[in-house]
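Remarks on the structure that follows.
The values are calculated or read from the model by the stated rules, or taken from the named source; none is laboratory data. Every value quoted in this text rests on a predicted model; they were computed, and no experiment measured them. Virtual Cβ from ideal backbone geometry, glycine too; neighbours counted across all protein chains shown.
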Amino acid sequence: MTGRVEGRVAVVTGGCSGIGLASVHRLAAEGAHVVIGDVDDARGPEVATAVNGTYRRTDVTDPDDVSALFATAKQAYGSVDIAFNNAGISPPEDDSILTTDLAAWRRVQEVNLTSVYLCCKAALPYMLEQERGSIINTASFVAVMGAATSQISYSASKGGVLSMSRELGVQFARQGVRVNALCPGPVNTPLLRELFASDPERAARRLVHVPLGRFAEPSEIANAVLFLASDESSFITANTFLVDGGISGAYVTPL
Ligand code: NAD
């Protein structure tokens, strides 16, 4: 039996940790050639070797780095079929609008939103030429509902990722390119652990709202990435793809 993305070429940003890392493994296990773009030079080469893929140091806020990443995929493996634009940050200095300064706001917008613009802009010409492609942009459940524990720039950046993905999905649907926004609920990754380590009360506050009563594991998000990347999701585009343990559906949660 062949894999679900056999022979496809997948670019994954933020592939050295958390959701990206789990997705690198899942896509490779199902037959994809994976090209990882990240700033983590300590882990990148070993992550790539483990899946027989390629690591290229890429700061997703840098247009030249991003173009070179997608060019590397094309040169190494002959196409660009899947773009999982996933790198993102959630720094503690991004908090209430009352205390978040302009520098913190801008940094989060650059890494979380401008990066997705750059990655889509770089991936699309390859996909349009092939008349085939699946772009998956990581947004978040906070793109569709307000969080009581505010991270103002993060939430705004994810709202931007969601609207941009929807618009691109509509624009390029008839040219064979699907674009979806993946909206995870809270996931047990370094990003979330770092945010909550200093504040267990904050973590507990978030868990109260999850009907499933726990955070997701990265592999559960990677399963959704694989589905959106593969032809199994061929009628899904411009979608708000929530993988959130029921958060967005709940008014109250069971005790
Ligand atoms: P993570 O911190 O575990 O991994 C993020 C990866 O991105 C790291 O490997 C890091 O080196 C890389 N990265 C950071 N800045 C970069 C840059 N400028 N250029 C290239 N790479 C960069 O995070 P995660 O939890 O796996 O999050 C991945 C995505 O999922 C992010 O977009 C995040 O906002 C989103 N998300 C996470 C959660 C959660 O609860 N963890 C929930 C919803 C959405």
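Report, by residue number, each residue of region 146-159 that is at pLDDT 95 or above and over 13 Å from the mean Cα position of the chain (by Cα).
Answer for region 146-159, where residues must be at pLDDT 95 or above and over 13 Å from the mean Cα position of the chain (by Cα): GLN151, ILE152, SER153, TYR154, SER155, ALA156, GLY159.
Considering only residues in region 118-156 that are part of a helix (DSSP H, G or I) and touching a residue at least 60 places away in the same chain (Cβ under 8 Å), the one that is nearest to PHE235 (Cα to Cα) turns out to be ALA123.
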